[in-house]
Amino acid sequence: MIGISIKKFEILLYTASGDYGFKCEFGTGLNVIRGNNSSGKSTLINALIYSLGMEELVGGKGVKVLPYALKEYVEGTEKDKIKISSSYVMVEIENKLGEVITLKRAIVSENKDSKLVEIIQGAYLSKDDSSYKVIPTYLHDKGSAQGNNSGFFSYIEKFMALELPTVAGSNGGEIKLYLQTIFSALLIEQKRGWTDYIANTPYYAIRDVRTKIVEFILDLDIFENERQRAKILSEISQIQKNG
């Protein structure tokens, strides 16, 4: 049901002393990221999560969740601090239909806000082609997940061919089961993920949010059943009022 695969990922850091960065490619199936302590594994994972617009899963919105090595300085060979003038992340993803897009998001930039995610219509990291169409989208703004033409989450939902249901809110109303809640079951970070599954779900005032996430991932009929039940209860209430 959840159909998306990460193909390639790149970190770009620009300084007065030269350019730095990191590239990696992911294959199908299990991918293992291995390295010594303090070698940058967590930095890589956090940057990848940030590139997907899902940094709420690791503690907040925007660049504040990222370590200094991506936004402040890199250490030179003499342990000197080299200031980062600009930095970006790019990730190439593929959906179930084989369609590939590349997401580009600024970390440090003088002219691009971190809320901007540029969606390049093609496998840009595999084939650098200036003819690819680029669509600007925005996240963490009102409407970014509600069908807005410039909303990042709305675009990704369509790319993944997801139809996210409306569920009961903790305040008694109804609320959308946001994409970020689904990703909290797909992106498991190392600090809390070892002891508590779906540990970092952002708070959206969704009643029984973990249960709803699992029901959606398993493609259960519970959402349609609940809608039908609510409809019947509403009809019964109306009949009783008229009777």
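The values are calculated or read from the model by the stated rules, or taken from the named source; none is laboratory data. Since the structure is predicted, the reported quantities are computational estimates derived from the model, not experimental observations. Methodologically, a virtual Cβ is constructed for each residue, glycine included, from the backbone with ideal geometry; neighbour enumeration extends over all protein chains shown.
Can you pull out every residue in the stretch 82-133 that is farther than 24 Å from residue 18 by Cα and either touching a Lys or Arg at 6+ places or on another chain (Cβ under 6 Å) or β-branched (Val, Ile, Thr) (or both)?
92, 93, 94, 100, 101, 102, 117, 118, 119, 120, 121
Could you please give the count of residues in the stretch 41-63 that are surrounded by fewer than 16 Cβ atoms within 10 Å (Cβ to Cβ) and not in a helix (DSSP H, G or I)?
Adding up the residues that qualify gives 3.
Before we move on, is residue 66 in contact with a Cys (Cβ under 9 Å, 6 or more places away or on another chain) and free of Cβ contacts under 8 Å to residues at least 60 places away in the same chain?
Taking the combined requirement at face value, the residue does not satisfy it.
Any residue that is assigned to a loop (DSSP other than H, G, I, E, B) and either at positive phi or modelled with pLDDT under 75 (or both) - is there at least one of those in the stretch 157-176?
yes
Within the stretch 133-149, can one find any residue that is outside any strand (DSSP E or B) and modelled with pLDDT of 95 or more?
Yes, because at least one residue in the stretch 133-149 is outside any strand (DSSP E or B) and modelled with pLDDT of 95 or more.
Between residues in the stretch 36-49 that are in the same structural domain as residue 107 (by TED's automatic domain parsing) and residues that are hydroxyl-bearing (Ser, Thr, Tyr) and crowded, with 16+ Cβ neighbours inside 10 Å, which pairs lie under 9 Å by C-beta distance while being six or more apart or on different chains?
Within 9 Å, no pair qualifies.
So if I check each of 85, 17, which one is at pLDDT below 95, of a type in the set (Ser, Thr, Tyr) and more than 29 Å from residue 161 (Cβ to Cβ)?
None of the others qualify; the one that does is 17.
Residue-by-condition table, conditions (1) among the hydrophobic types (A, V, I, L, M, F, W, C); (2) free of Cβ contacts under 8 Å to residues at least 60 places away in the same chain; (3) buried (at least 16 other Cβ atoms within 10 Å of the Cβ):
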{"position": "106", "(1), (2), (3)": "yes, yes, yes"}
{"position": "118", "(1), (2), (3)": "no, yes, yes"}
{"position": "131", "(1), (2), (3)": "no, yes, no"}
{"position": "135", "(1), (2), (3)": "yes, yes, no"}
{"position": "158", "(1), (2), (3)": "no, yes, no"}
{"position": "182", "(1), (2), (3)": "yes, no, yes"}
